[in-house]
Amino acid sequence: MIEDQHEIAAQAARWVVEDGLEYGPAKRRAAKLLGLSGRGSLPSNEVLEEAVREYIAVFCADTQPLELLALRRLALVWMERLSEFRPHLGGAVWRGTATTNSDIYLQLFCDDSKSAEIALIDQNVRYVPSTVTGFTGESVEALSVHVFCAELNQDIGVHLMIYDFDDVRGALKVDAQGRSPRGDARALRRLLPRESS
């Protein structure tokens, strides 16, 4: 069973890095390809993240650090642009496993759920609204925009998940390794100098 999980994780990691697939779909697709079905055979997100880091170290070590830096800089621009909504960066860009195929995921904590949408309209930003599963397991509204990243010379998806202001307390709980699953602009700025040196 453990061997199956590592095999699924290794295959899924390639799709996460090369195609920008999210963890859940990548794991299910890998399990299907390998003929390993059942929820019990799927690796945890932690196992998959380790496989992603290994894949990056072997196949993308020369390009990924600069791609990650560009994505983090772009995320910071949007966090500053939407600072009134207490933005927090999550996903691969926060965890350090992002490549040019990764999107940026920002969680906004709003007093009024429509205020972020109004801000985008006021800034003449075109967006696509949708509903996604949030970090609490409940459905949340998401506003998705495509932004040109000059450093990467390509469009990047920026997804804004809208949460109630009070949800910010639960957003900062650390994982089993003591890592925060997301960070605010100040936390992100602390990551940037390390990669610039």
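None of the figures in this text is laboratory data; all of them are computed from the coordinates on show. Since we're looking at a predicted model, the values are computed, not measured. Heads up, the Cβs are rebuilt from the backbone with ideal geometry, glycines too, and the neighbour counts pull from every protein chain shown.
Kindly state, to the nearest 0.05, the FRET efficiency for Asn45 paired with Arg81, given R0 = 25 Å and r defined as their beta-carbon distance. Could the numbers behind the result be given before it?
Details: r = 29 Å, r/R0 = 1.17.
E(calc), rounded to 0.05, equals 0.30.
I want to verify the translational diffusion coefficient of region 2-59 in µm²/s; compute it with Stokes-Einstein, Rh as the Kirkwood radius over Cα pairs, at 20 °C and 1.002 mPa s.
Result for D is 199 µm²/s.
Label points 7 Å out from Cα along the Cβ direction at His146 and Ser130: separation in nm?
1.3
What FRET efficiency, computed as 1/(1 + (r/R0)^6) with R0 = 35 Å and r the Cβ-Cβ distance, is obtained for Ala57 and Arg29, rounded to the nearest 0.05? Can you show the working numbers first?
Working: r = 23 Å, r/R0 = 0.64.
So the FRET efficiency works out to roughly 0.95.
Have a look at Ala12, Val52, Ser37 and report the one farthest towards the positive end of the charge dipole of region 2-59, computed about the Cα centre with Cβ charges (Lys/Arg +1, Asp/Glu -1).
After comparing all options, I get Ser37.
Can you tell which of Ala13, Ala26, Ala98 shows the greatest fluctuation in a Gaussian network model of the chain with Cα springs below 10 Å?
Ala26
Along the Cα→Cβ direction, 7 angstrom out, place labels at Ser115 and Arg179. What is the inter-label distance in nm?
Once both label points are built, they end up 3.2 nm from each other.
Which value, in debye to the nearest 20, gives the size of the charge dipole of region 113-183 about its Cα centre, when Lys and Arg are +1 and Asp and Glu are -1 at the Cβ?
About 160 debye.
What does DSSP give for region 53-197 in terms of the percent of beta bridges that are antiparallel, rounded to the nearest 5?
Among the beta bridges of region 53-197, antiparallel pairing accounts for roughly 75 percent.
Output the Cα-based Rg and Dmax of the chain in Å, rounding Rg to one decimal and Dmax to a whole number.
Taking only Cα atoms of the chain, I get Rg and Dmax of 17.1, 53 Å.
I need the semi-axes of the equivalent ellipsoid of region 79-195: take the C-alpha gyration tensor, multiply each eigenvalue by 5, square-root it, list largest first in whole angstrom.
Rounded to whole Å, the semi-axes are 21, 20, 13.
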